[in-house]
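Novice: Here's a structure for you.
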Amino acid sequence: MDSKVKDKIWTRTLYAISISVVLLLVLMVGYIFYQGRGFLNPSFLFGEPKIVEVGSGIGPQLFNSFYMLVVSLLITVPIGVGAGVYLAEYAKEGVFLNIIRLSIEAISSLPSIVVGLFGLLVFVNLTKWGFTLFSGALAVAILNLPTITRVSENAISSVSKTIKEGSIALGATKFQTIWRVVLPAALSQIITGIILISGRIFGEAAALLYTSGMSAPTLDFSAKSIFSSNSPFNIFRPAETLSVHIWKLNSEGMVPDATSIANKSSAVLIIMVLIFNILARILGKKIQEKYTGTK
């Protein structure tokens, strides 16, 4: 067969595969939105959940999902990016580095349910914290650290050596070069990694079942003490997230409209991920433009 014909066949095959993936995604999202129609109703988004009555809301679960995202990112990003900087700029090839890489790969392959059980033993029982938002954030951080570490390492390693050498030649120290030159240049890829792990935080349920719990206390935004059991910002309180709420509704929901609430919650979860992805990319682009002087 002529090489040009082969090239056309493979090109069209790859186009067909790409279009199929996009169509599948569109159909799946469209189906979820159709099943969850009415999910933008304020009384649903900000209402309180009910045990046996029709018309539950997801206000506490929605807040808990965003708060879990923030707390988990505050734990994961500094450690993950720091580890990426170490692996890319300071670590030397050898046994120790091989052990680190093997450990990262081993953690990344752990099932989330196993991490959840580990979190139950350590963050819930051993520390005697009980089911808390902080326990859940730590468990999710364990799941996400390998991803953000590997993405950061690759992003930092891909920055041109000429740029680094130019910075050092101008008198900057290695730390100043990393902080002011390398990290801004690698920021877009690191932002991509943060978006990836954020999607996992929003959608994670197995690890959170055993760590942050399956209950959401009524939140009082007027609470004076952050350590109050009903303070929304208390990280040592149970915090059922939206993904856990969906799982609970589908498995043991007692409300008559459990399926409808689960469908609407799924649609809200997708909207949350899309909005966060868009905002993170816009913010990342602005930060990169500020530090690199490019537009």
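Novice: Write out the chymotrypsin sites (Phe, Trp or Tyr not before Pro) in region 36-132 meeting two conditions: DSSP loop, and at most 13 other Cβ atoms within 10 Å of their Cβ.
Specialist: Sparse-neighbourhood loop chymotrypsin sites (Phe, Trp or Tyr not before Pro): PHE46.
Novice: Which value results when the Cα radius of gyration for the chain is divided by 2.2 N^0.38 Å?
Specialist: 1.18
Novice: Here's something else I'd like to know. Between LEU24 and VAL54, 0.36 nm times their residue separation minus their Cα-Cα distance comes to what?
Specialist: Residue separation times 0.36 nm, minus the Cα-Cα distance, leaves 7.5 nm.
Novice: Shifting gears a bit: Sequence gap at least 6, Cα distance under 8 Å: using those rules, report the relative contact order of region 131-229 to the nearest whole percent.
Specialist: Relative contact order for region 131-229 comes out at 49 percent.
Novice: Give the accessible surface of the chain per residue, rounded to a whole number of Å², with probe radius 1.4 Å and ligands, DNA and RNA excluded.
Specialist: The answer is 57 Å² per residue.
Novice: Let me ask something additional. Taking the alpha-carbon distance from LYS286 and a cut-off under 26 Å, which lysines remain once sequence neighbours fewer than 8 residues away in the same chain are dropped?
Specialist: LYS161, LYS164, LYS174, LYS295
Novice: If you don't mind, there's one more thing I want to ask. Could you tell me the accessible area of LEU117 in Å² (1.4 Å probe, neighbours in place), rounded to the nearest ten?
Specialist: 80
Novice: Show log10 I(q)/I(0) for region 152-295 at q = 0.12 Å⁻¹, two decimals, from a solvent-free Debye sum over equal Cα scatterers.
Specialist: -0.73
Novice: Please go through region 69-176 and write out the GluC sites (Glu not before Pro) that DSSP classes as loop and that have at most 13 other C-beta atoms within 10 Å.
Specialist: When the GluC sites (Glu not before Pro) of region 69-176 are filtered for loop state and at most 13 Cβ neighbours within 10 Å, GLU93 remain.
Novice: Which whole-number percent is the relative contact order of the chain (Cα, under 8 Å, 6+ apart)?
Specialist: Relative contact order comes out at 26 percent.
Novice: Would you calculate the convex hull of the Cα atoms in region 1-135 and tell me its volume per residue in Å³?
Specialist: Cα convex hull per residue, to the nearest whole number: 255 Å³.
Novice: If you don't mind, there's one more thing I want to ask. Tell me, what is the 1.4 Å probe accessible area of VAL95, in Å² to the nearest 10?
Specialist: 110
Novice: On to the next question. How about region 4-74: which trypsin sites (Lys or Arg not before Pro) there are in a DSSP loop, with at most 15 other Cβ atoms within 10 Å of their Cβ?
Specialist: Sparse-neighbourhood loop trypsin sites (Lys or Arg not before Pro): ARG37, LYS50.
Novice: Just how much of LYS286 is accessible, in Å², when a 1.4 Å probe is used and the result is rounded to the nearest 10?
Specialist: The accessible area comes out at roughly 130 Å².
The values are calculated or read from the model by the stated rules, or taken from the named source; none is laboratory data. No experiment lies behind these values; they were computed from the predicted model shown. Using ideal geometry, Cβ is built from the backbone for each residue, glycine included, and neighbour counts are taken over all protein chains shown. All accessible areas refer to the heavy atoms of the entire protein, side chains included, with ligands and DNA or RNA removed. Shrake-Rupley method; radii C 1.70, N 1.55, O 1.52, S 1.80 Å.
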